[in-house]
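Below is one structure; the comments refer to it alone.
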Amino acid sequence: MHERGMLIVLSGPSGVGKGTVRQAMMNSGYRDFKYSVSMTTRKMRPGEVDGVDYYFRTREQFEQEIADGGMLEYAQYVDNYYGTPLKYVNQTLDEGKDVLLEIEVNGAMQVRAKCPDAVFIFLTPPDLGELKHRLEGRGTDDEATIIKRVRKAVGEVKMMSNYDYAVVNDKVPLAVERIENIIKSEHLRVTRVMDRYTNMLEHTKLSD
Ligand code: 5GP
């Protein structure tokens, strides 16, 4: 029997580049995970393919999925629904494969409540710490705008405390490398491999 796969949640504030990093992960050499295609009610953009980028559905269809208990999590984002179909995630984890979700923060918090052993990665903009200083130094924003931006950044930092890892998205290949390192290390966590060792100990007969 194989071990259950690991659920990896990649999230973070809007505009931080989650989609780009996820795409880069899917194109990198390390492909030991399956990406869970989300469902959405937003309109398909040029070049997008149903079933590859998203499952594009009507509001009615999406709400029916929710009512049927078919969503692991979902959120309303800019007037549209976005959510993770539960069935694919469960099946793939049961097959022993890791599953990657790329979702916004409200959905991530729902997963946190339902799947505490998932790995939660928060992608951060590179300038978070220096934001105020930088904005003031640049001199292009008035004080009110700076305060608004910094307030947003503070909110983002507060959200970060609900995650296990913070990954700076300064350069996409570097962010990808950090995430891959996290995944590899998480697989070595004692709590994740304990069952295997317990099993091994039980089956080891010591002869004297
Ligand atoms: P976009 O419309 O640009 O493709 O995505 C908008 C936002 O929705 C992004 O922040 C993206 O991460 C998020 N998103 C995509 N799929 C899901 C999902 O299944 N659940 C949740 N909660 N957010 C999602």
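The values are calculated or read from the model by the stated rules, or taken from the named source; none is laboratory data. Bear in mind the structure is a predicted one, so any value in this text is a computation, not a measurement. Here Cβ is always computed from backbone atoms with ideal geometry, including for glycine, and neighbour counts include all displayed protein chains.
Tabulated data
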| item | result |
| --- | --- |
| Residue within the range 81-93 that is closer than 27 Å to P126 by Cα, at pLDDT below 95 and not small (G, A, S) present | no |
| Odd one out for F120 among (1) within 12 Å of the ligand (Cβ to nearest atom); (2) part of a strand (DSSP E or B); (3) not basic (K, R) | (1) |
| Output for the range 31-42, where each listed residue is under 21 Å from F120 (Cα atoms) and either buried (at least 16 other Cβ atoms within 10 Å of the Cβ) or in contact (Cβ under 8 Å) with a residue 12 or more places away in the chain (or both) | D32, F33, K34, Y35, S36, V37, S38, M39 |
| Unmet requirement for G70, which otherwise passes all of (1) more than 22 Å from R192 (Cβ to Cβ); (2) in contact (Cβ under 8 Å) with a residue 60 or more places away in the chain; (3) away from the ligand (no atom under 12 Å from the Cβ); (4) not charged (D, E, K, R) | (2) |
| Output for the range 63-85, where each listed residue is within 13 Å of S38 (Cα to Cα) and charged (D, E, K, R) | E65, E73 |
| Test: residue in the range 96-103 that is under 24 Å from S185 (Cα atoms), within 14 Å of the ligand (Cβ to nearest atom), under 19 Å from the mean Cα position of the chain (by Cα) and part of a loop (DSSP other than H, G, I, E, B) | yes |
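Condition check ((1) surrounded by fewer than 18 Cβ atoms within 10 Å (Cβ to Cβ); (2) β-branched (V, I, T); (3) within 13 Å of the ligand (Cβ to nearest atom); (4) in a helix (DSSP H, G or I)) across all residues:
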{"site": "V16", "(1), (2), (3), (4)": "no, yes, yes, no"}
{"site": "M25", "(1), (2), (3), (4)": "no, no, no, yes"}
{"site": "G29", "(1), (2), (3), (4)": "yes, no, no, no"}
{"site": "M44", "(1), (2), (3), (4)": "yes, no, yes, no"}
{"site": "V52", "(1), (2), (3), (4)": "yes, yes, yes, no"}
{"site": "Y82", "(1), (2), (3), (4)": "no, no, yes, no"}
{"site": "V111", "(1), (2), (3), (4)": "no, yes, yes, yes"}
